Every structure is written in structure tokens, then in C-alpha cells.
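**Q** So that we are looking at the same thing, I have put the structure below in C-alpha cells.
Each value in this text was obtained by applying a stated rule to the coordinates, not by laboratory testing. In this text, all values refer to a predicted model and were calculated from it rather than measured experimentally. Positions of Cβ are generated from backbone atoms using ideal geometry, with glycine treated the same way; all protein chains shown enter the neighbour counts.
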Amino acid sequence: MAEWIDIRDGGQFLYDPTFCSPEEADTLFAWLRTSIAWKQEAVRGKPLPRLNAWFADEGLKYSYSGLSHLGTGWLPELEEIRSAVETTSGTTFNSLLLNLYRDGQDSIGFHTDAEPELGENPAVATVSFGSVREFVLKHRKARETLSYQLGHGSLFVMGGTSQHHWLHALPKTEEALGERVSLTFRRIVGTRA
Ligand SMILES: O=C(O)CCC(=O)C(=O)O
Ligand SMILES: [Fe+2]
């Protein structure tokens, strides 16, 4: 059973490399590639170096890339993963941002997931499929970085005060890598329509 690990300044994470069995992970990865309407979003006119999709509880309002969205519900497959993530992480989630990194040149730069609509100490749970990618956490003030190789079928949860003190990123790499999909579950609070 994966355990929570304390990091500097009240941050916490949990890593479960065998969250999905290899067979489950293969099936879900193939399903995600073909069943999700992936879109390249642009922020201030600049295309993001990855593709995205969103799901949220029906009627839930949230903003993303500067646009307001209204949740329209879940697909059964995603609901099943959400429920397993909730059990392992001991947290509940009402929204999901999916990322598709097409190759090693797709990435996400250092940022926090500290949007006000996620509340004071948000937990963000990431399930990974496909190519193994490096996930880096960097403390805002101390010279400390933590690096994890997020593998096919793994679960990584950031919790506690992580989003106040730590930035995270999925750096570009020159390695010839195939696709990776990440499912990032979040809980939006206090914005119900
Ligand atoms: O793909 C990942 O593992 C990280 C994605 C991320 O940080 C985000 O979507 O906010
Ligand atoms: Fe993030």
C-alpha cells in the first residue's frame, strides 16, 4: 500500500507505481488515445505544448485557459478510475484535466496548481499512462528539487501545503519518447452553478 511522504514545509506526496496492473494500464491507455476528443488549447494566443481535455461533475463551473466552462459529467471509464484514485488517496475529486504529451518535446513548465477555485490546500492526483516521463518538484525558496519517473499505470498525489511551497514541471527531453497521457484529478470548491 502506498504511503504519504512528508516533504519540506508541510507538503506531502504519495506515489504508487503499481496503481493499475500492466494489463489495465494498456487497456486504459489505448481507450484514452481513441475515445477522448483531444484539443490543443492556446493561452494568450500561444498554443500549449501538449493536448488537453476536461471533465467535471455536471453543473460544476470552472475556468481554464482563461475561459469559463460548465461540467457536463463523466464517462464511465473515467468515473471508475476516479473512484479508485479516491480510495487510494483518501480524497474526493469532482474534476479532471487530461494531458496528452505527444513526444519528448511536449511538456509543462514549472507552475503550481494553486488556482483559487481549488481551495486552500488542494490535492492533485495524477495517473500516468504510456512513456515514462520525469516529474520534477522544485521548492520555491530552498534549493531543493525532487525528481520522479512517472511510469505507465502509476499514481502520484500531491497534498498538504505542496501547492504553496513547491512548483512542479514535466520537462522537455531530447529522448525519442512516445506518447504519455496524464489524468490529473482535482476538487473545485465553492463554484457550483
Ligand atoms: O502531466 C503531468 O504529470 C503533470 C501535469 C500538470 O502538472 C498539470 O496538468 O497541472
Ligand atoms: Fe500541475
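**Q** For a quick check of your reading of the filter: which trypsin sites (Lys or Arg not before Pro) in region 15-78 sit in a DSSP loop and have no more than 12 other Cβ atoms within 10 Å?
**A** Counting only loop positions with at most 12 other Cβ atoms within 10 Å, the trypsin sites (Lys or Arg not before Pro) in region 15-78 are R44.
**Q** Per DSSP H run of n ≥ 4, the term is -39500 (n - 2.57); total these for the chain, divide by its residue number, and report the mean residue ellipticity at 222 nm rounded to 500 deg cm²/dmol.
**A** -5000 deg cm²/dmol
**Q** Once label points are set 7 Å from the Cα along Cα→Cβ at both H139 and R102, what is their separation, rounded to one decimal in nm?
**A** 3.8
**Q** Could I ask something else about it? In whole Hz and in residue order, list the ³J(HN,Hα) couplings for region 159-164 that follow from phi through the Karplus curve 6.51 cos²θ - 1.76 cosθ + 1.60, θ = phi - 60°; x for Gly and Pro.
**A** For region 159-164, the Karplus-derived couplings read x, x, 8, 3, 6, 8 Hz, x marking Gly and Pro.
**Q** Follow-up. Give the distance, in whole Å, between the Cα centre of region 19-81 and the Cα centre of region 144-167.
**A** 20
**Q** When the Karplus curve 6.51 cos²θ - 1.76 cosθ + 1.60 is applied with θ = phi - 60°, which whole-Hz ³J(HN,Hα) does each residue of region 173-182 get, with x for Gly and Pro?
**A** 9, 7, 4, 7, 9, x, 6, 9, 10, 10
**Q** If you don't mind, there's one more thing I want to ask. Would you mind listing how long region 72-193 runs along its three principal axes, going by Cα atoms, in whole Å with the largest first?
**A** For region 72-193, the Cα extents along the three principal axes come out at 43, 37, 25 Å.
**Q** Three principal axis extents, largest first, for the C-alpha atoms of region 1-159, in Å?
**A** Cα spread of region 1-159 along its principal axes, largest to smallest: 39, 38, 33 Å.
**Q** List the lysines whose Cα lies under 17 Å from the Cα of K141, skipping any in the same chain that are fewer than 8 positions away.
**A** none
**Q** Name the long-range amide H neighbours of E179: under 5 Å, sequence gap of 5 or more, or other chain; modelled H, no Pro or chain starts.
**A** S131
**Q** At 0.36 nm per residue, minus the direct Cα-Cα distance, what do N121 and A30 gain on full extension? Give it in nm, one decimal, please.
**A** Additional length available on full extension: 29.4 nm.
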